[in-house]
Every structure is written in C-alpha cells, then in structure tokens.
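Take a look at the structure below.
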Amino acid sequence: MPRRTRREQHRRNQRHKDVLHTAGRHRAHDFRCVGCRLDVSLVAPGTAHRNHCPNCLTSLHVDHRIPGDRAAGCGGRMEPLGLTVRTDGEWMLIHQCLTCARLSANRIAGDDNALALVRLALRPLQDRRVASSALLSMP
Amino acid sequence: MSSDHLAHQHHTTGAAFGIGTFTCVRCGLTVSAKSADGTRRNHCPSCLHSRHVLDQIEGGPSECGARMSPIAIAVLRTGDWTLVHRCVRCGELSSDPVCGDDNQLMLMRMAVRPLADPPFPLEAFGSL
Ligand SMILES: [Zn+2]
Ligand SMILES: [Zn+2]
Ligand SMILES: [Zn+2]
Ligand SMILES: [Zn+2]
C-alpha cells in the first residue's frame, strides 16, 4: 500500500549498507519469522534494518539497551502491543517480549502489513467498556 | 544516587514500602499511590505522567528519576488496558496498568491519536 509522503522523509532515508545489498550475500542475514514462518529479508524500505516481520509484525528479543546492539540473552518472541505517534507524525510499533515482558519501540517499514497495523491501532477503541465510560465522563 | 534524586523520591506515609503519596512531576498534583480500585499506581491520574524510578531492564530502582510521558494505550491479552510510558531523558519504556480513576478523556485522546495521522489512507480499509 502506498505511504503518504511526509515533510521530513528526505531526512530519514535508509542508510546505505553495502553488505546487505551485495548479490547473493544478503540471504545469510534473512530470518524466518517465529510468528508466521515467513522468510523475511532484512532489507526493508524506509528503515536501516528490519526488526520485525512485515506480515504479522512479530519480532524477536535480541537487543538489550540500544536498538541494534543484539546484546540481549533472552531470544523470546516479541509481539506487537500497540502503536505510538512520534512528534514528527511517524507511527512507531511497540513490541513486548512474551518471555521477559521487555518493551521496545520500533519504526514501521514501508512494506509492513497495513491491515495488521490498522487492526492494532483500532484495538483500544474496540473495547466497549472503556469507550462508553469515556463518553459518560465527558462534561 | 544524587541528593537531587533523593529529594524528589516518592515520599511514603504508609508503613508498607511504596504505599503513600507522591507529587506528580508534570502537573504537581498530590497523588495517592493506591488507586481507587486498590492497586498500586505509578502514574498521575490527571495528566497520566510518571517518573523513571524503576529500572525496567535490570529490575530494581533506577537512578534516572526523569519524567516519563505516556506514549501509548495498549490492550493486553487479558483484555486489560495498559499505559506505555517513555522516559524523556533516557528513552526507557515501561508499562503501567490503567486505573479506574484515570482521566478517561486523556486515555481516549491517546487511543485515537494514531488514527488521526495514519501513514496510509484509511479509506482503503472500508468497513473495518
Ligand atoms: Zn510473521
Ligand atoms: Zn525477552
Ligand atoms: Zn499529573
Ligand atoms: Zn530515564
């Protein structure tokens, strides 16, 4: 699905990484999604490196304090928990590790499953208890 | 741990650790650490902000102490709502259960925020 262009997009273009784009080489860096078993290429449009499955948005707990440090000993499955909006308007996915409950925020990629993203965005609004209590408390 | 940190530590009035009151670092409200439904609260019920006092990665107290702003509402597998906070200084994330007496309008505002500014046209999804 085409993405809307944002004012600051030129500033946040994907960093060029030679090794990932060398013919025949990048396949060693691909991963199989633990959620849906899809074979995923690490090359993702719009981000420097892919950290979640573009189909089901599942990730793996590999990073410790710094994104990309791959220093976590956990290795648990990270499921999409929710979405947040950065000050520049970009959507960020919030993942939570099913093993250790650790949270992380990750940029969405240009080819992420738009329907899965929208479903995640709608999830809090589909809870009728909360929606109705919010309406009742409005002045 | 700096003296500045200690000066702003949640002050406890109850016998049990962590039960008492704290002052919201964002709006100054004096907040009971026990919510109306009896659970321990870490965020202000009015502005939903919190403070980075627990190390979310290693566990135990954190020396950061900075303000944590609410960035997302999420629904847990249990169906309960949780509030995700991000520390304005160090970026650490935390999750804190939504309490029954939290500002509902603020919660709703956060819940609709992503849909107000989607990265793709929502019209394409028709009847969701
Ligand atoms: Zn997947
Ligand atoms: Zn983990
Ligand atoms: Zn407050
Ligand atoms: Zn912090």
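The values are calculated or read from the model by the stated rules, or taken from the named source; none is laboratory data. Predicted, not measured: the structure shown is a model, and the values here were computed from it. Neighbour counts run over all protein chains shown; Cβ positions are idealised from the backbone, glycine included. Please note that ligands, DNA and RNA were not included when accessible areas were found on the heavy atoms of the full protein model with its side chains. Shrake-Rupley method; radii C 1.70, N 1.55, O 1.52, S 1.80 Å.
Hey, does segment A:105-115 have a residue that's in contact with a helix residue (DSSP H, G or I) (Cβ under 8 Å, 6 or more places away or on another chain), more than 16 Å from ligand 3 (Cβ to nearest atom) and open to solvent by 40 Å² or more (accessible area, probe 1.4 Å)? Yes. Pairs linking a residue in segment B:79-105 that is among the hydroxyl-bearing types (S, T, Y) to a residue that is within 13 Å of ligand 3 (Cβ to nearest atom), with Cβ atoms under 6 Å and 6 or more positions apart or on different chains, are B:S94/B:H85. The number of residues in segment A:50-92 that are over 11 Å from the mean Cα position of the chain (by Cα), surrounded by fewer than 20 Cβ atoms within 10 Å (Cβ to Cβ) and free of Cβ contacts under 8 Å to residues at least 60 places away in the same chain comes to 18.
A quick yes/no check of all residues on (1) over 25 Å from A:R65 (Cα atoms); (2) within 16 Å of ligand 2 (Cβ to nearest atom):
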residue	(1), (2)
B:T21	yes, no
B:C27	yes, no
B:P61	no, no
B:C64	no, no
B:T82	no, no
B:V88	no, no
B:E92	no, yes
B:P114	yes, no
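Annotation: of all residues in segment A:36-56 being of a type in the set (A, V, I, L, M) and in contact with a helix residue (DSSP H, G or I) (Cβ under 9 Å, 6 or more places away or on another chain), the one that is nearest to ligand 1 (Cβ to nearest atom) is A:L42. One residue stands out among those in segment A:60-105 that are under 18 Å from B:E58 (Cβ atoms) and among the aliphatic types (A, V, I, L, M): the one that is farthest from the other protein chains (Cβ to nearest Cβ), which is A:V62.
Annotation note: Cβ proximity below 7 Å between a residue of segment B:116-128 that is on the phi < 0 side of the Ramachandran plot and a residue that is at pLDDT below 85 (sequence gap 6+ or interchain) occurs for B:P119/A:R3; B:P119/A:R4; B:F120/A:M1; B:F120/A:P2; B:F120/A:R3; B:F120/A:R4; B:A124/A:M1. The strands (runs of 3 or more DSSP E) found entirely in segment B:25-128 that carry 2 or more residues being more than 9 Å from chain A (Cβ to nearest Cβ) and within 12 Å of ligand 4 (Cβ to nearest atom) are B:67-75, B:81-87.
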